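Q: Before anything else, here's the structure in question.
The values are calculated or read from the model by the stated rules, or taken from the named source; none is laboratory data. Values in this document were obtained by computation on a predicted structure and should not be read as measured data. Reconstructed Cβ throughout: ideal geometry from the backbone, glycine too, with neighbour counts over all protein chains shown.
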Amino acid sequence: MSLLETISSPRDLRRLPPSDLPRLAEEIREFLIDAITRSGGHLGPNLGVVELTIALHRVFDSPADRILFDTGHQSYVHKLLTGRQDFDRFKNRGGLSGYPSRGESEHDVIENSHASTVLGYADGLAKANQLQGREDRRVVAVIGDGALTGGMAWEALNNIAEAEDRPVVIVVNDNERSYAPTIGGLANHLATLRTNLRTTQSYERVLSWGKETLQRTPVVGGPIYDALHGAKKGYKDATSPQGMFEDLGLKYIGPIDGHDIDAVESALRRAAGFGGPIIVHCLTEKGRGYRPAELDEADHFHQVGAIDPITCEPLRPSTGVSWTSVFGKELVEIGRERPDVVAITAAMLRPVGLQPFAREFPERIYDVGIAEQHATVSAAGLATAGLHPVVALYSTFLNRAFDQVLMDCALHRCGVTFVLDRAGVTGTDGASHNGMWDLSILQVVPGLRIAAPRDADQLRAELREALDVTDAPTVVRYPKAEVGPPITAVERIGGVDVLLRTGPAGRAPEVLLVAVGTMATACLDAAALLTAEGIGTTVVDPRWVKPVDPALTELAARHRLVVTVEDSGRVGGVGAAVAQALRDADLDVPARELGIPQRFLSHAARGEILDEIGLTGPGVAAQTSAFAKALGLAPGGDFLTSDLTSDFVGGDQHHGS
């Protein structure tokens, strides 16, 4: 039996003699390489925190002591040491989540798969411990892998530092990376500082970093810079990290070799006995122990799909073209034509498809780190100066910058284009990564326009249309998926594409199916099923779903039922906007909205989730048929199975309030 198999809780880990720990670390790495190359996941970050996580669970008593991870994708070793060693269905339905999950274990305190939040949680938990007299409980915040480039982390640090008697152990996992090395952003300067701290205590070099970066950091930037410039104010030599953090009010231990378990344990025990906020600075290597990851300069295998662990070739190679790659190639073409177009990424250059643009136009790409709010305001500044910025983000991460979209881009009528990858159901990354909020939260932004392309041709066209808008922000959204075949419109009415009309000869279609973006395929499949039942159907693609095209209300007036289908939350989304437009036009045609139920969805494959929530051809047909029958529009007969009917018709889970 391996050592790892003997561990079902941190208590078992603490019983091991120190001499067994290097062997345990080796077994954990072997387990991760085997499991994650089969399932896919965040391999590099977890290979880098093996010794650190072992030390954490030997020093602190989880769950009484709260151990928090930021970013949450570096918690796989934590899962293994807290009794979760079944990775057979990892990130799939019924298996373990790829992030901390309260539903899995009492050792998972927060489900923070969005970065830079852990210090805020730690501040609140420490305050609660103090107020409730829990002096025997410690709060440990592990932050790294780019999370310190987020502004929220610095806001929390400012609050943590103010209370000298409130213990918080901040473990900085310093692996010199975020998703990958950033270009021109705060994280790039932080990497420069880390290099300086490792090699020299040169006052001039550290002070230069402070001038360029710290004075621009909100709230705490000034104090840290003053600390670095200590000679001017009579401070002690402030060129070491210890001086920098202590002048801010934080005790500092380090830097520590994060792969030396004895050294990390010793540092953590010292920190655990300190009565106030303290930083333990650990230097780690992303991808440690797996040669292909160590040699991968792009991102040290930050995230991999299922691959052969020896050759690193994909086990399930893609046979299609991704939405992301279509966008990336088209933006390069646009960049060649338009020197005013620039691009912004928040530490995710490759995942959002901007790497080709960066290669061809390195002076026109800006990586701001994990800082979506800053990315948005910076884009507003670029637009104000006459450029047209393209801000490429995951849909779920735009949530963090809503105020900036509203008050900085829209209020100032800035021509900024947001390209939202991973819109709609994402799947295996779980609740936090489904891009199901954008069509709802952006509906309230005055002047903003949203495009939802149905295929690659429309993505190219709508991206160019968005970039022609100079007096308002625009959004182009698409899913994490392969692009399907082109869907040709039979005609265009206003800005609306009519994709299909079906029904008995000589009779107008009764139902208008409004397909949002990639829901066009499901709606076309549904129309075929509805036709077989005798329900005439028109399928349209609005192309631009905000604002509602007047042509759509004119089309609605020619039908007896309107059903909108969107891969976003039902509350306040496109369907709600269309229904309001019908009321504003004094049309009494009934409208029904199909979309993602307004709840957090568990991790599973994208197709499985779409099937579960009724956003497939049969699901849309089943629900539309039920609506039509309730209104007396459908003839007798029912092509639907009883299972489909019970799952998708009349259930609040799918289309109730």
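Q: Can you find even one residue in the range 424-439 that is at pLDDT 95 or above and either in a loop (DSSP other than H, G, I, E, B) or of a type in the set (A, V, I, L, M, F, W, C) (or both)?
A: Checking the range 424-439: at least one residue is at pLDDT 95 or above and either in a loop (DSSP other than H, G, I, E, B) or of a type in the set (A, V, I, L, M, F, W, C) (or both).
Q: Also: How many residues, within the range 61-110, are of a type in the set (A, V, I, L, M, F, W, C) and either at positive phi or in contact with a strand residue (DSSP E or B) (Cβ under 8 Å, 6 or more places away or on another chain) (or both)?
A: Adding up the residues that qualify gives 6.
Q: Here is a further query. Report every pair of residues separated by at least 6 positions or lying on different chains whose Cβ atoms are under 6 Å apart, first residue within the range 443-460 and among the polar types (S, T, N, Q), second modelled with pLDDT of 95 or more and not in a loop (DSSP other than H, G, I, E, B).
A: Pairs that qualify, where the first residue is among the polar types (S, T, N, Q) and the partner is modelled with pLDDT of 95 or more and not in a loop (DSSP other than H, G, I, E, B), are 443/577.
Q: Just give me the residues in the range 1-37 being polar (S, T, N, Q) and farther than 25 Å from residue 305 by Cβ, in sequence order.
A: Those that are polar (S, T, N, Q) and farther than 25 Å from residue 305 by Cβ: 2, 6, 8, 9, 19.
Q: Looking at 543, 570, which one is crowded, with 16+ Cβ neighbours inside 10 Å and within 17 Å of residue 441 (Cβ to Cβ)?
A: It is 570.
Q: Looking at (1) surrounded by fewer than 20 Cβ atoms within 10 Å (Cβ to Cβ); (2) under 16 Å from residue 549 (Cβ atoms); (3) of a type outside the set (A, V, I, L, M, F, W, C), which one does residue 597 not meet, given that it meets all the others?
A: (2)
Q: Could you tell me which of the residues 379, 392 is touching a Phe, Trp or Tyr at 6+ places or on another chain (Cβ under 9 Å), closer than 18 Å to residue 450 by Cβ and without any contact (Cβ under 8 Å) to a residue 40 or more places away in the chain?
A: Selected residue: 379, the only one of 379, 392 that is touching a Phe, Trp or Tyr at 6+ places or on another chain (Cβ under 9 Å), closer than 18 Å to residue 450 by Cβ and without any contact (Cβ under 8 Å) to a residue 40 or more places away in the chain.
Q: Just name the residue that is nearest to the chain's Cα centre (by Cα) out of those in the range 259-299 that are surrounded by fewer than 15 Cβ atoms within 10 Å (Cβ to Cβ) and closer than 30 Å to residue 310 by Cβ.
A: In this case the residue turns out to be 298.
Q: Same structure, new question: Looking only at the range 127-142, which residues are surrounded by fewer than 24 Cβ atoms within 10 Å (Cβ to Cβ) and of a type in the set (A, V, I, L, M)?
A: 128, 131
Q: Oh, and also: I'd like the full set of residues that are outside any helix (DSSP H, G or I) and touching a strand residue (DSSP E or B) at 6+ places or on another chain (Cβ under 6 Å), limited to the range 440-463.
A: Within the range 440-463, 449, 450, 451, 452, 454 meet the criteria.
Q: Could you tell me how many of the residues in the range 115-162 are in a loop (DSSP other than H, G, I, E, B) and either on the phi < 0 side of the Ramachandran plot or among the aliphatic types (A, V, I, L, M) (or both)?
A: The qualifying residues number 10.
Q: Tell me, yes or no, whether the range 415-436 has at least one residue that is out of contact with any Phe, Trp or Tyr (no Cβ under 8 Å at 6 or more places or on another chain), surrounded by fewer than 20 Cβ atoms within 10 Å (Cβ to Cβ) and either touching a residue at least 24 places away in the same chain (Cβ under 8 Å) or under 28 Å from residue 596 (Cβ atoms) (or both).
A: no
Q: Here are 79, 91: which of them is basic (Lys, Arg), out of contact with any Leu (no Cβ under 6 Å at 6 or more places or on another chain), outside any strand (DSSP E or B) and crowded, with 24+ Cβ neighbours inside 10 Å?
A: Every option except 79 fails the conditions.
Q: Name the single residue that is farthest from residue 336 (Cα to Cα) among those in the range 464-508 being assigned to a loop (DSSP other than H, G, I, E, B) and acidic (Asp, Glu).
A: Out of the qualifying residues, it is 471.
Q: Can I ask one more? With the requirement that a residue be among the acidic types (Asp, Glu) and in contact with a Pro (Cβ under 7 Å, 6 or more places away or on another chain), what does the range 75-121 give you?
A: Answer for the range 75-121, where residues must be among the acidic types (Asp, Glu) and in contact with a Pro (Cβ under 7 Å, 6 or more places away or on another chain): 106, 108, 111.
Q: Can you tell me how many residues in the range 306-319 are assigned to a loop (DSSP other than H, G, I, E, B) and surrounded by 10 or more Cβ atoms within 10 Å (Cβ to Cβ)?
A: The total comes to 6.
Q: While we're here: Restricting attention to the range 500-533, and to residues there that are closer than 25 Å to residue 607 by Cα and small (Gly, Ala, Ser), which single residue is modelled with the lowest pLDDT?
A: The extreme case among them is 532.
Q: Residues that are surrounded by fewer than 21 Cβ atoms within 10 Å (Cβ to Cβ) and of a type outside the set (S, T, N, Q): list the helices (runs of 4 or more DSSP H) wholly contained in the range 1-69 that include at least 2 such residues.
A: Per the criteria, 10-15, 21-39.
Q: Of all residues being assigned to a helix (DSSP H, G or I) and among the β-branched types (Val, Ile, Thr) in the range 355-413, which is nearest to residue 147 (Cα to Cα)? Just the residue, please.
A: 396
Q: Can you say whether residue 344 is closer than 30 Å to residue 467 by Cβ, touching a Ser or Thr at 6+ places or on another chain (Cβ under 8 Å) and of a type outside the set (S, T, N, Q), as far as the supplied structure shows?
A: Here the answer is yes, as residue 344 does meet what is asked.
Q: Could I ask something else about it? Go over the candidates 562, 540, 578, 545 one by one and state the one that is under 24 Å from the mean Cα position of the chain (by Cα), on the phi < 0 side of the Ramachandran plot and either modelled with pLDDT of 95 or more or among the charged types (D, E, K, R) (or both).
A: Unique residue meeting the criteria: 545.
Q: Separate question: Would you mind stating whether residue 380 is small (Gly, Ala, Ser), within 22 Å of residue 340 (Cβ to Cβ) and touching a helix residue (DSSP H, G or I) at 6+ places or on another chain (Cβ under 7 Å)?
A: Answer is yes for this residue.
Q: Follow-up question, since we're still on this one. Scan 330, 372, 363 and give me the residue that is of a type in the set (D, E, K, R), assigned by TED's automatic domain parsing to the domain that holds residue 424 and buried (at least 23 other Cβ atoms within 10 Å of the Cβ).
A: 372
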